[in-house]
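**Student:** Below you'll find the structure I mean.
The values are calculated or read from the model by the stated rules, or taken from the named source; none is laboratory data. Computed from a predicted model, the values in this text were never measured in an experiment. Methodologically, a virtual Cβ is constructed for each residue, glycine included, from the backbone with ideal geometry; neighbour enumeration extends over all protein chains shown. Calculation scope for accessible area: heavy atoms of the full protein, side chains included, ligands and nucleic acids excluded. Shrake-Rupley method; radii C 1.70, N 1.55, O 1.52, S 1.80 Å.
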Amino acid sequence: MASETSSTPSSSRASAEPSSSSYTAIRDPGRILQFDPFQSLVDEGFWHRLSSLKLDSLGLDQSPISLTGFYAPCSHSEVSNRLTLLAESLPPDPKQLESPLERVHGNRNRCPVPGTLYNMNTLESFKALDRVSLLKMEAQKVEEDSAVLLRFLVISFADLKKWNFLHWFAFPAVVLDPPAMILNIQSAKDALNQDEGQSLSAVMNEWRNSSLTTDVPFFLIIISSSHATVRHLKDWEACQHDGQKLLFGFYDPSCRATNPGWPLRNYLAFISLRYNIGKIQFFCYREKHGFADLGLSLVGEAAVSPPQDWREPQNIPKAVGWQPKPKNIRLAESMDPERLAVSAADLNLKLMRWRTLPSLDLNILSNVKCLLLGAGTLGCQVARMLMAWGVRKMTLVDSGKVAMSNPVRQSLYTFDDCLNGGSFKAVAAASSLKQIFPAMEAEGIQLSIPMPGHPILANEVDRVHEDCKQLWNLISSHDVTFLLTDTRESRWLPTLLCASENKVAITAALGFDSYLVMRHGSGPLITVSDQTDSPSTLDDGVQRLGCYFCSDVVAPIDSTSNRTLDQQCTVTRPGLAPIASALAVELLVGLLHHPNGIHAPGEIANSIMSSSKEPLGILPHQIRGSLPQYSQLTLLGHSSNSCTACSSTVVLEFKRRGIEFVLQAINHPTYLEDLTGLTELMESAKSFNLDWDKETSDDDDADL
Amino acid sequence: MYQWDGTLSPSEFDISVADLCERWREVGTSLPQWVWLPDRALGALSCNVAAGYLAIENIYHQNASEEGSFEESISRDEEPFDEATLVPSNKNDMHIYDYHILYSFTFRVPVLYFRGYQSDGCPLKLVDIEKDLPAYSLKLLRESKWAFITQEDHPYLHRPWYTLHPCGTGDWMKFLLCSDAPNKIPPLHGYLSAWLSVIGQVVGLRIPIGLFKSV
């Protein structure tokens, strides 16, 4: 027994007691000391850093990672301080991941706490971790390296596809058997007299203000004749004097008035083991507004009896400390780059609405389904402009492949698209849109639009029939169709279909140095809701706006053969396509915001009127512009009863006979002229011997 | 006649930062102090005017609603019951807010960035933050022409933070500081205090009453 007593017999500390195998605990009647468990806080920045590390250096490596957590004394009467992980918790150099960290220097708000992270690659391996033995291992480190009484353990599963971070903390604490008993505990203000209190506050503030000691959370307090001093733990032996109080102090994260925080747990075990003390006076240091607060801080006394087992070095103590449950943090909104791209893109439009255009309807724009017939110079530009306006649903149709001359003028293609014979344009365009903005719902369809004046060979009839049907389906299933092809005749069938289905159609057409952008009027028929199965016509009463063909007096014919090279190649000044495309999209946006939609009347720009009642301005029917004059006109044209594409005659015939009618019109263009009475009209005109002024004839231009 | 446009230069911003910190200390508040955090990337470069941000952090807000980010499917049944662990009471958690003031070189005005998170670190979405805002803040957000909260990349921390868009700031600062003397440039050292007194209301930051004295 004698060999076990403390070495200074004159120690006046009543709490110094011998410990030996015959030691029996002398307990004051008291209760089991209960510690307020440590809580964790993981800053978003930590997950960002871990994700980068995993993607850049760790890969699938699951070895344990040394890291540093931070805590500080409680500074709020109702909120405990938490063990915090920040981006800085992980070593800056990925090569240091496995070696134990050098002691990181903190500051007064960041007292460093070493820990270990086990980051798993799958949920299954996360669940399969042996949490009991991991805790034991970590607790053993506390045993071995008593300079570090506070450690933590965290296991995690970082799902970098969904940006979910599942994690589980443990703060290992040795279990004392029998447990420590609390003899008394009260606020420091009540435990000390005024002079002692003032002195203690002063020295603690000094300790906290010095960069050498501010991140040292365990220390000694010696109070002698109302004068307090703070010392490092290692000075304990030198501090044994008569007539003084000795308190074991620590930074207490807990805010509780009647219970000490978790760090005291291992601290008491260590004190009992190292200094052979059975009754331990402790000081839970807490602060407020950066200064020691003795009202929040606690002073108490605990009775500790170290169990026998600890004498045996190979015994691993029982440990507790896992938090009750793991936590899952979802960070997709702030980390998923695709989501960030979407919210950033929306921002521009929302800003526009907020600052200048409160009536902007972003929902309509993001839900409208646009069909683009043609993925060339016009198609690419229209697609980009639609995307800029927040349109997310687009289908592009084109029969061709990307040619070597395309990328410079057609803004969705790059050099790579031309290689190996060239990708299909529609497909390449859709893919390009998604590369620019991942949230785009874009599809590309390779399809040839059947055209009048290009007779169908017998063996092609079925295919052309299918193509017609597919085009019909596409137009029906979209809200808006853009006619952006490079010939006049290719616009006929789409125009007819849009008129028949009463769908919004917007045409853009280019000459060498001039352009036309127009919106087609509504279709000629409306289905009467109740009785008739045959639709009635609107022609007589209401003046519909005209379509692309309404002002023509000849049916569309083959315009591509027998032309000179420059006419065939549709060479245009490069500036035209972007201008016309932009106007086409602005026209659509205006139409979508107009209360009458497709039935909106056409307006003409009027220099007298300073602004229209609509916030987006007037809604023209046709815009014709010319580069040599830098001029632009808005025009208005009504539908023609003899139109080969949108007149009620033609549309009714289509309704009656369907694709058969279409095929007939394709193979025999004069059929359309007969049907609509154009033939008659021309006959009667000829009979007058008038000079037929071909003011609207487009034979010389490519497709105006 | 020179008309002040409501903006301030980077060096005027720096002066105003020091002035704000001083006033905040003097006026006395239970809120923490502002701390200037310089741009670490610049290092020893001398052109570090307005390079960094002014931060006030760990502002607690009592959360009224129930929240939890716990995973129910995994439980800790291996660990034995420990009589020395205090069972925490299930009282409502706190929300924690951080506010940063940065200088916008594009608009030449200060910008407020802020974020909120639960006590375990889980970030709050804007809808959650709005639940913490007092009624007058929500009213200002809905009705005002210049109060527009968006999410932007924090210029120094490179993570999305919420911010009040700065494009209207010059206009209303002009109105605030020199509506009675439109042709004079007001002394700008008090700019940030004046600005913060107004902005703070929108985000529910409790600005101490004495902060904005007439400049």
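**Student:** Accessible area of region A:359-669 with a 1.4 Å probe: how many percent of it is carbon plus sulfur?
**Tutor:** On the way: 7080 of 13530 Å².
Carbon and sulfur together cover 52 percent of it.
**Student:** In addition: With a 1.4 Å probe and all protein chains kept in place, how do B:THR29, B:THR163, A:THR414 rank by accessible area, largest first?
**Tutor:** A:THR414, B:THR29, B:THR163
**Student:** Sorted by average packing, counted as other Cβ atoms within 10 angstrom per residue and highest first, what order do A:648-656, A:624-632 take?
**Tutor:** For the peptides A:648-656, A:624-632, the packing ranking is A:648-656, A:624-632.
**Student:** Just to confirm my numbers, what's the Cα centroid distance between region A:316-353 and region A:213-239 in Å?
**Tutor:** 43 Å
**Student:** Next question. Classify region A:181-308: rounded, prolate or oblate, from the alpha-carbon gyration tensor (a ≥ b ≥ c, eigenvalue square roots; a/c under 1.5 rounded; otherwise prolate if a/b is larger than b/c)?
**Tutor:** Verdict is rounded for region A:181-308.
**Student:** Further question on the same structure: Just to be sure I understand: if you take the accessible area of chain B alone plus chain A alone and subtract the pair, with a 1.4 Å probe, what total do you get in Å², rounded to 100?
**Tutor:** That pair hides around 4300 Å² of surface in total.
**Student:** Now for a different question. Compute the label zone of B:SER9 within region B:154-187: residues whose backbone N is under 16 Å from the point 7 Å along Cα-to-Cβ.
**Tutor:** B:185-187
**Student:** What ranking, highest mean first, results for peptides A:37-48, B:168-179 when packing means the other Cβ atoms within 10 Å averaged over each residue? Walk me through the numbers before you get to the answer.
**Tutor:** On the way: A:37-48: 22.2, B:168-179: 17.2.
Output ranking for A:37-48, B:168-179: A:37-48, B:168-179.
**Student:** At 1.4 Å probe size, with every protein chain present, just tell me what the per residue accessible area of region A:125-194 comes to in Å².
**Tutor:** 40 Å²
**Student:** At a cut-off of 40 Å², which residues of region A:326-371 become less accessible once all protein chains are present than in their chain alone, using a 1.4 Å probe?
**Tutor:** A:PRO326, A:LYS327, A:ASN328, A:ILE329, A:GLU333, A:LEU347, A:LEU351, A:TRP354, A:ARG355
**Student:** Suppose every K and R has +1 on its Cβ and every D and E has -1 on its Cβ; what is the size of the dipole of region A:181-308 about the Cα centre, in Debye to the nearest 20?
**Tutor:** 320 debye
**Student:** On to the next question. With a point put 7 Å past each Cα toward its Cβ, work out how far B:GLU152 is from A:HIS76 in nm, to one decimal.
**Tutor:** Calculated label separation equals 2.8 nm.
**Student:** For peptide A:473-482, how many partner chain Cβ atoms fall within 10 Å of a residue's Cβ, on average? Before the final figure, lay out the partial values.
**Tutor:** Working: counts 0, 0, 0, 0, 0, 0, 0, 0, 0, 0.
Mean shielding by partner chains, rounded to a whole number: 0.
**Student:** While we're here: Just the number please: accessible area per residue for region B:163-215, 1.4 Å probe, all protein chains included, in Å².
**Tutor:** Per residue, region B:163-215 has an accessible area of 43 Å².
**Student:** Please say if region A:359-669 is rounded, prolate or oblate, where rounded means a/c under 1.5 for a ≥ b ≥ c the square roots of the C-alpha gyration tensor eigenvalues, and otherwise the choice is prolate for a/b larger than b/c and oblate otherwise?
**Tutor:** Rounded.
**Student:** Something else now. Residues in region B:181-201, backbone N under 15 Å from the label point at B:TYR136 (7 Å along the Cα-to-beta-carbon vector): list them, ranges by number please.
**Tutor:** B:196-201
**Student:** State the percentage of accessible surface on region A:181-308 attributable to carbon and sulfur atoms; use a 1.4 Å probe and exclude ligands, DNA and RNA.
**Tutor:** Details: 2300 of 4780 Å².
Carbon plus sulfur share of accessible area: 48 percent.
**Student:** A follow-up question, please. Could you give the dipole magnitude of region A:359-669 about its Cα centre, charging the beta-carbon of Lys and Arg +1 and that of Asp and Glu -1, in debye to the nearest 20?
**Tutor:** Charge dipole of region A:359-669: 480 debye, to the nearest 20.
**Student:** Once phi is turned into ³J(HN,Hα) by the Karplus curve 6.51 cos²θ - 1.76 cosθ + 1.60 with θ = phi - 60°, what whole-Hz value does each residue of region B:126-137 show in order, with x for glycine and proline?
**Tutor:** Computed from phi, the couplings for region B:126-137 are 4, 5, 6, 4, 4, 5, 7, 6, x, 4, 5, 5 Hz.
**Student:** Using a Förster distance of 60 Å, how high is the FRET efficiency between A:GLU586 and A:GLU466, based on the Cβ-Cβ distance and rounded to 0.05? Walk me through the numbers on the way to the answer.
**Tutor:** Working: r = 35 Å, r/R0 = 0.59.
So the FRET efficiency works out to roughly 0.95.
**Student:** Holding the Cα-Cα limit at 22 Å, pick out from A:LYS127/A:LYS161; A:LYS136/A:LYS234; A:LYS245/A:LYS318 the pairs that are longer than that.
**Tutor:** The pairs that break the limit, which is 22 Å between Cα atoms, are A:LYS136/A:LYS234; A:LYS245/A:LYS318.
**Student:** Estimate the FRET efficiency between A:MET137 and A:ASN164 by the formula 1/(1 + (r/R0)^6), using the beta-carbon distance for r and 35 Å for R0, to the nearest 0.05.
**Tutor:** Efficiency at R0 = 35 Å is approximately 0.80.
**Student:** Considering only protein heavy atoms, what per residue accessible area in square angstrom results for region A:359-669 with a 1.4 angstrom probe? Write down the numbers at each step before the final one.
**Tutor:** Working: 13530 Å² over 311 residues.
About 44 Å² of surface per residue is accessible.
**Student:** Students often get this wrong: which residues of region B:93-127 have the backbone nitrogen under 17 Å from the point 7 angstrom along Cα-to-C-beta of B:GLN62?
**Tutor:** B:93-97, B:119
**Student:** Would you please classify the overall shape of region A:204-245 from the alpha carbon gyration tensor, given that a ≥ b ≥ c denote the square roots of the eigenvalues, rounded means a/c under 1.5, and beyond that prolate means a/b larger than b/c while oblate covers the rest? Display every interim value, and only then the final one.
**Tutor:** Values: a/c = 3.46, a/b = 1.61, b/c = 2.16.
Oblate, since a/c reaches 1.5 and b/c is not below a/b.
**Student:** Given a 1.4 angstrom probe, I'd like the percentage of the accessible area of chain B that is carbon and sulfur, rounded to a whole number.
**Tutor:** Values: 6020 of 10890 Å².
That share works out to 55 percent.
**Student:** Kindly identify residues of region B:109-131 having a loss of at least 10 Å² in accessible area between the isolated chain and the assembly of all protein chains, probe radius 1.4 Å.
**Tutor:** Buried on complex formation: B:ARG115, B:TYR117, B:SER119, B:ASP120, B:GLY121, B:CYS122, B:PRO123, B:LYS125.
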